[in-house]
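Enquirer: Before I ask anything, here is the structure I am working with.
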Amino acid sequence: VEKEEPYVIAFSQCMMDDVWRQAMMLEMNIEASNYDNIRIVIADAKESNETQIKQIQQFIDQKVDVLIISPNQSDSITPIAVEAYRKGIPTIIVDRKIGSEEYTAYVGGDSYEIGRIAGEYASAFLPENATIAEVWGTKLSSPAQERHLGFINGLKKKNVNIKTVVGNWRREIAKKEVSQLEDFNDIDLVYAHNDVMALGAREAISERDSALVSKIIFLGVDAAFGKGAGLEAVANGLLNASFLYPSGGDQVIRVAMKILNKEQTDKKYILNTAVVEKNTARTLLLQSDQLINYQNRIEQQKRNIDMLFQKFSMLRHSLFLILSL
Ligand code: FRU
């Protein structure tokens with residue numbers, strides 16, 4: 001019983017050190033546990049376009065069976081992603097987009113729609129002539145642009161004054177940039193393109209004036225599980241609401257499997273969103289705890305099976321040696 005060589009699914013991830021992306025990895029691993037003929041290889045570009053381009057080039061040279069890319073910045077990563085596709089490697093783009101239709105499939109949430117729903121939601125809390133602090137993700141990434149546009153179009157109030165801050169998707173950067181705003185007193189609402197930046201903004205405001213945070217509405221995006229992520233923050237009341245941006249980790253593996261099995265795939269898999277307020281956040285948190293527990297058990301069982309398999313191979317080998325004496 002020799003094991004067959006598994007298919008290699010390569011994943012070029014723009015960054016790893018982030019709660020939303022850790023949730024994505026967990027979802028990928030859960031889905032991947034269903035198949036024993038694949039191996040997932042991950043390269044972390046650590047938010048560098050150059051590193052990501054090099055890593056994708058290596059995957060092309062290795063002729064991996066499927067390539068998954070979550071691009072750091074859309075324009076910079078487009079040429080190398082297109083090159084992979086043109087060289088015949090099935091290429092799945094996940095989360096952030098590239099500036100071309102030359103890929104096999106795209107998996108991700110609808111950031112424009114998320115922004116629009118957030119804009120509508122925010123309007124219910126806003127007075128006339130309101131002031132909003134909008135904390136941007138990296139300006140050159142598609143979700144930041146779409147979450148901004150959607151939000152502006154979703155706003156139902158006129159004469160809104162928007163203070164723009166760029167947080168590059170990072171809690172610490174958002175905190176620093178918000179703390180450099182001259183005045184917080186007029187801010188009615190903070191809309192951040194992800195939850196960790198909303199938390200950074202909240203921290204900056206609360207450090208200068210702790211009474212102020214209870215008067216400001218804080219909205220984020222992602223609603224991811226895990227320590228320091230959005231679900232926890234909404235459940236604890238640090239954020240008023242978040243808008244679910246599913247990671248697509250499980251879907252991306254299912255699409256990769258379809259490609260490997262030579263089944264037809266769609267061009268786009270657009271994932272749904274939902275408003276997540278306190279009660280929903282609590283329920284989702286409980287569910288995610290269960291999920292993590294199950295996955296730990298599955299992984300333990302897989303390790304047990306692998307060990308059994310190794311023992312069996314060794315036994316077989318010894319038996320063979322004895323018989324050939
Ligand atoms: C994580 C992240 C998420 C966000 C997504 C956008 O790296 O910043 O918080 O929703 O990337 O691409």
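Per-residue answers, yes or no, for (1) within 17 Å of Val275 (Cα to Cα); (2) in a loop (DSSP other than H, G, I, E, B); (3) of a type outside the set (Gly, Ala, Ser):
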{"position": "Ile68", "(1), (2), (3)": "no, no, yes"}
{"position": "Ile80", "(1), (2), (3)": "no, no, yes"}
{"position": "Glu83", "(1), (2), (3)": "no, no, yes"}
{"position": "Ile89", "(1), (2), (3)": "no, yes, yes"}
{"position": "Ile117", "(1), (2), (3)": "yes, no, yes"}
{"position": "Asn129", "(1), (2), (3)": "no, yes, yes"}
{"position": "Val135", "(1), (2), (3)": "no, no, yes"}
{"position": "Thr138", "(1), (2), (3)": "no, yes, yes"}
{"position": "Arg147", "(1), (2), (3)": "yes, no, yes"}
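Enquirer: I'd like the residue in the range 10-54 that is hydroxyl-bearing (Ser, Thr, Tyr) and within 14 Å of the ligand (Cβ to nearest atom) and, out of all such residues, is farthest from Gln300 (Cα to Cα).
Expert: Looking at the filtered set, the residue picked out is Ser48.
Enquirer: Related question: If the Cβ limit is 6 Å and pairs must be 6+ apart or interchain, which residue in the range 218-232 that is in contact (Cβ under 8 Å) with a residue 24 or more places away in the chain and within 11 Å of Ala23 (Cα to Cα) pairs with which residue that is within 13 Å of the ligand (Cβ to nearest atom) and not in a helix (DSSP H, G or I)?
Expert: Asp222/Asn194; Asp222/Tyr245; Ala223/Ser242; Ala223/Leu244
Enquirer: Oh, and also: Restricting to the range 47-66, count the residues that are out of contact with any strand residue (DSSP E or B) (no Cβ under 6 Å at 6 or more places or on another chain), assigned to a helix (DSSP H, G or I) and closer than 15 Å to Val8 by Cα.
Expert: Looking only at that region, the number is 3.
Enquirer: Just give me the residues in the range 68-118 being more than 23 Å from Met16 (Cα to Cα), of a type in the set (Gly, Ala, Ser) and away from the ligand (no atom under 14 Å from the Cβ), in sequence order.
Expert: Residues satisfying the conditions are Gly88, Ser100.
Enquirer: Follow-up. Restricting to the range 29-46, name every residue that is closer than 30 Å to Asp289 by Cβ, modelled with pLDDT of 95 or more and not in a strand (DSSP E or B).
Expert: Hit for the range 29-46 is Lys46, nothing else.
Enquirer: Tell me the residue from Ala118, Ala122, Ala133, Ala81 that is under 20 Å from Pro246 (Cα atoms) and crowded, with 22+ Cβ neighbours inside 10 Å, please. Walk me through it before giving the result.
Expert: Values: Ala122 fails: under 20 Å from Pro246 (Cα atoms); Ala133 fails: under 20 Å from Pro246 (Cα atoms); Ala81 fails: under 20 Å from Pro246 (Cα atoms).
That would be Ala118, the only listed residue that is under 20 Å from Pro246 (Cα atoms) and crowded, with 22+ Cβ neighbours inside 10 Å.
Enquirer: Out of the residues in the range 142-159 that are modelled with pLDDT under 95 and either within 24 Å of Ala204 (Cβ to Cβ) or more than 14 Å from the ligand (Cβ to nearest atom) (or both), which is surrounded by the most Cβ atoms within 10 Å (Cβ to Cβ)?
Expert: Ranking the candidates gives Lys157 first.
Enquirer: Taking the options Leu238, Leu271, name whichever one is in contact with a Pro (Cβ under 7 Å, 6 or more places away or on another chain) and either over 22 Å from Val107 (Cα atoms) or in contact (Cβ under 8 Å) with a residue 60 or more places away in the chain (or both).
Expert: The conditions single out Leu271.
Enquirer: Name the one entry in Ser214, Ser210 that is farther than 23 Å from Arg21 by Cβ, part of a helix (DSSP H, G or I) and more than 16 Å from the ligand (Cβ to nearest atom).
Expert: Ser214
Enquirer: Further, regarding this structure: What do you reckon, is Lys258 part of a loop (DSSP other than H, G, I, E, B) and either at pLDDT below 95 or among the basic types (Lys, Arg) (or both)?
Expert: no
Enquirer: For the range 219-249, which residues satisfy the criterion of being at positive phi and either in contact with a strand residue (DSSP E or B) (Cβ under 9 Å, 6 or more places away or on another chain) or within 13 Å of the ligand (Cβ to nearest atom) (or both)?
Expert: Taking the range 219-249 and keeping what is at positive phi, we get 222-223, 226, 228, 237, 248.
Listed by number, the residues that qualify are Asp222, Ala223, Gly226, Gly228, Gly248.
Enquirer: Only one of Ile40, Ile56, Ile60 is closer than 26 Å to Gln310 by Cα and of a type outside the set (Gly, Ala, Ser); which?
Expert: Every option except Ile40 fails the conditions.
Enquirer: Would you check which residues across the range 146-199 are among the hydroxyl-bearing types (Ser, Thr, Tyr) and more than 20 Å from Asn240 (Cβ to Cβ) and list them?
Expert: Thr164, Ser179
The values are calculated or read from the model by the stated rules, or taken from the named source; none is laboratory data. None of these values were measured; they are calculated from a predicted model. Neighbour counts run over all protein chains shown; Cβ positions are idealised from the backbone, glycine included.
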